[in-house]
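To start, the structure itself, in structure tokens.
The values are calculated or read from the model by the stated rules, or taken from the named source; none is laboratory data. No experiment lies behind these values; they were computed from the predicted model shown. Counting neighbours? That spans all protein chains shown, and the Cβs are built from the backbone with ideal geometry, glycine included. Ligands, DNA and RNA are stripped out before the accessible areas are found, and what is left, the full protein with its side chains, is counted by its heavy atoms. Shrake-Rupley method; radii C 1.70, N 1.55, O 1.52, S 1.80 Å.
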Amino acid sequence: ATMPEELARGHIQTWTNEGDVVLDPFMGSGTTAQISIEENRHFIGFEIDDTYYDMCKDRVAPLQDNLLTRLNDIKT
């Protein structure tokens, strides 16, 4: 489901603290990843659809790069 950025931001600000890790098992286009990084949280997410994975990767590429925000291709 599409999530407005401000809805995701409100949830992340309310339920986590700076430096926490946010887990999104269904990344979609990467709204949660983007907002997590912007709000100084770390992010781990999973996406099996290549189209959405690429959208998420493009969305967070210009943002802060660290171990937990770097997207890695893991194919099984």
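If you take the residues of the stretch 39-64 that are of a type in the set (A, V, I, L, M) and not in a helix (DSSP H, G or I), which of them is most open to solvent (accessible area, probe 1.4 Å)?
That would be ILE48.
Looking at the stretch 2-38, which of the residues that are hydrophobic (A, V, I, L, M, F, W, C), touching a residue at least 24 places away in the same chain (Cβ under 8 Å) and over 14 Å from CYS56 (Cβ atoms) is most open to solvent (accessible area, probe 1.4 Å)?
Applying the filter and picking the extreme gives VAL21.
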